[in-house]
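Participant: Input: one structure, supplied below.
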Amino acid sequence: MSNEQQSVKMWSGRFREPLDPDFEKWQRSIVFDWRLLEQEVAASKAHASALFAAAILSKSETTELRAALDAIAAGQASDAGKAAVRDHASAEDIHHFVELSLVERVGSLGLKLHTGRSRNEQIATNLRLYVRKQIEFVVEGLAAWASALIEQARAAGDSVMPSYTHLQRAEPVLVAHWMLAYVEMLLRDASRLRDCAARLDYCPLGSGAVAGATLALDRTIPAQELKFTAPTANSIDATSDRDFILEYLQALTVVGLHLSRFAEEITLFATAEFGFVLLPEAFSTGSSAMPQKKNPDLTELIRAKVGRIHGAAEAVTLQLKGLPLAYNKDMQETQEPAFSVEFVPQMLALVARFTAALRFNRERMSAAAESGYLNAMAAATYLVHKGVPFRIAHEKIGNAVRFAIEKGVELGDLSLDELRQFGEEFGEDFFAAISLEATLDCHDVIGGTARQRVLQALSQASERIALLIAPAREAIHAGA
């Protein structure tokens, strides 16, 4: 193909003046939408199938086009091939690149493929396919991290630690119970992403530019070939909808928030002041000035990444705000935010390996859990079992705690006579009721930190994680 032919735009027939060269370069999207080559090829093959069913393409033409499309995808699979797409001299976008490449391979037949479709529906389809695939990667990453947490929880056994409210020590909990809190967050994250995948799983092909295809195309053909649930229901909505990008980025923001909370706790727990966690050297760095330092760079970077993810979601929110129906060029700007979070699966893989490599100072955590009157709630519960109303029990134990603080001892170190100055209900059985084991096991409810409950929760969480990936892939690929 000559340079003159290559420079012709897909829309240039109505125009007589060339584009301003700076504007032409500025408005091209190939510099970022080259990432959609795989999706563009798949959607183009599906459209060819619909054209064949409508008798627009012959069987031989369809076969030739589909083979050429596969060759284009294979030829650009390497890093050099991807760079060639991105740096193409004249392609305006990924759709234009594929059309030019087709014409180079099959001549004017390549121009026939655009019959009955618009770039508006093409990009809407490509982005749905792209987000659907990215969701699969993220869900797999969540499952890997959740599995690492489960393994650490099992290894922790009956190890205890303080729980915190207001960043003040509250009650003893099993270390496994603390880890399972993050597993629950990750399972919710996966659920949100799967919901997003289910909502986006409708195929825009056949929607045309805005009003629907001008040919009698069977829209179920490309929908089935691309493993969508069904065709989209409204052509105006299909070509202008970017809800799925926003929802995807918002769901990733919550993933980022959970990553950041975990990173913050590990960063705190690794300080000398806490001393609960030994940072793995493979995921830490040193100081160029202070030889003794081991810095938690991984957790600090994870903590910061949520800003980038949330920024992407905010950018798309503002890009979509106030847009009239249907397609507007503004929507081109929703692509880069979606592409900008491709680091999330890798980050999840890193935090999974980091979690597996963590080592905990169980003695330090246990000592922190057994001091500072963290059994006060269990002590109040003891009085409740003796028939004391909780508010009165709370007051009695509060007075006992103050007395113990002034004496410089723990509750269990007070004598029975000292305790009885706060209430005659105290008996010899009080001391067993506020032991560490009893303090844990008095939380014997679903979701509590009682030892048997945590064992059950571990087993149930393992089953939920095992079921996570396959159903997600089935939903993503088959629209189930």
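Participant: Can you give me the number of residues within segment 330-345 that are in contact (Cβ under 8 Å) with a residue 12 or more places away in the chain and either over 19 Å from L252 (Cα atoms) or of a type outside the set (A, V, I, L, M, F, W, C) (or both)?
Facilitator: 10
Participant: Restricting segment 92-109 to residues that are surrounded by fewer than 22 Cβ atoms within 10 Å (Cβ to Cβ) and assigned to a loop (DSSP other than H, G, I, E, B), which is nearest to the chain's Cα centre (by Cα)?
Facilitator: It comes out as E92.
Participant: Give all pairs with beta carbons closer than 9 Å in which a residue from segment 453-480 that is open to solvent by 60 Å² or more (accessible area, probe 1.4 Å) and at pLDDT 95 or above meets a residue that is assigned to a helix (DSSP H, G or I) and aliphatic (A, V, I, L, M); count only pairs at least 6 apart in sequence or on separate chains.
Facilitator: Once the first residue is open to solvent by 60 Å² or more (accessible area, probe 1.4 Å) and at pLDDT 95 or above and sits in segment 453-480, its partners that are assigned to a helix (DSSP H, G or I) and aliphatic (A, V, I, L, M) give L455/A176.
Participant: To continue, here is another question. If you check every pair at least six apart or on different chains, which have Cβ atoms under 8 Å apart with a residue in segment 33-45 that is more than 12 Å from E225 (Cα to Cα) and at pLDDT 95 or above first and a residue that is open to solvent by 10 Å² or more (accessible area, probe 1.4 Å) and not in a helix (DSSP H, G or I) second?
Facilitator: D33/D93; L37/Q76
Participant: Could you grab me the full set of residues in segment 314-343 that are hydrophobic (A, V, I, L, M, F, W, C) and surrounded by 21 or more Cβ atoms within 10 Å (Cβ to Cβ)?
Facilitator: Result: V316, M331, A338, V341.
Participant: Count, please, the residues in segment 370-423 that happen to be part of a helix (DSSP H, G or I), of a type in the set (D, E) and open to solvent by 50 Å² or more (accessible area, probe 1.4 Å). Give the derivation first.
Facilitator: Initial filter on segment 370-423 (part of a helix (DSSP H, G or I)): 376-385, 390-407, 411-413, 416-420.
From the residues that got through so far, the ones that are of a type in the set (D, E) too are 395, 406, 413, 417-418.
Subset that is open to solvent by 50 Å² or more (accessible area, probe 1.4 Å): 395, 406, 413, 417.
The total comes to 4.
Participant: In segment 53-86, what residues are farther than 18 Å from L217 by Cβ, outside any helix (DSSP H, G or I) and in contact (Cβ under 8 Å) with a residue 24 or more places away in the chain?
Facilitator: Of everything in segment 53-86, just one residue is farther than 18 Å from L217 by Cβ, outside any helix (DSSP H, G or I) and in contact (Cβ under 8 Å) with a residue 24 or more places away in the chain, namely Q76.
Participant: Among the residues of segment 147-185, which ones are farther than 17 Å from R359 by Cα, open to solvent by 40 Å² or more (accessible area, probe 1.4 Å) and not in a helix (DSSP H, G or I)?
Facilitator: Hits for segment 147-185 are Y164, T165, H166, L167, Q168, R169, E171.
Participant: Still on this structure, I have one more. Within segment 226-239, take every residue that is surrounded by fewer than 21 Cβ atoms within 10 Å (Cβ to Cβ), under 27 Å from the mean Cα position of the chain (by Cα) and of a type outside the set (A, V, I, L, M, F, W, C) and give me the one that is nearest to Q39 (Cα to Cα).
Facilitator: So, considering only residues that are surrounded by fewer than 21 Cβ atoms within 10 Å (Cβ to Cβ), under 27 Å from the mean Cα position of the chain (by Cα) and of a type outside the set (A, V, I, L, M, F, W, C), the one nearest to Q39 (Cα to Cα) is K227.
Participant: Please indicate, with yes or no, whether at least one residue in segment 204-213 is without any contact (Cβ under 8 Å) to a residue 24 or more places away in the chain and open to solvent by 40 Å² or more (accessible area, probe 1.4 Å).
Facilitator: Among the residues of segment 204-213, not one is without any contact (Cβ under 8 Å) to a residue 24 or more places away in the chain and open to solvent by 40 Å² or more (accessible area, probe 1.4 Å), which makes the answer no.
Participant: Another one. Give the residue that is nearest to S340 (Cα to Cα), with candidates limited to residues of segment 301-324 that are among the β-branched types (V, I, T) and within 14 Å of the chain's Cα centre (by Cα).
Facilitator: Looking at the filtered set, the residue picked out is I309.
Participant: β-branched (V, I, T), in a loop (DSSP other than H, G, I, E, B) and within 22 Å of R35 (Cβ to Cβ): which single residue out of V255, V316, V341 fits that description?
Facilitator: After ruling out the rest, the residue left standing is V341.
Participant: Identify the single condition in (1) part of a helix (DSSP H, G or I); (2) at pLDDT 95 or above; (3) small (G, A, S) that G13 does not satisfy, given that it satisfies every other one.
Facilitator: Answer for G13: the failing condition is (2).
The values are calculated or read from the model by the stated rules, or taken from the named source; none is laboratory data. For clarity, every value in this text was computed on a predicted model and none was experimentally measured. Here Cβ is always computed from backbone atoms with ideal geometry, including for glycine, and neighbour counts include all displayed protein chains. Keep in mind that these areas ignore ligands, DNA and RNA; they rest on the heavy atoms of the full protein, side chains included. Shrake-Rupley method; radii C 1.70, N 1.55, O 1.52, S 1.80 Å.
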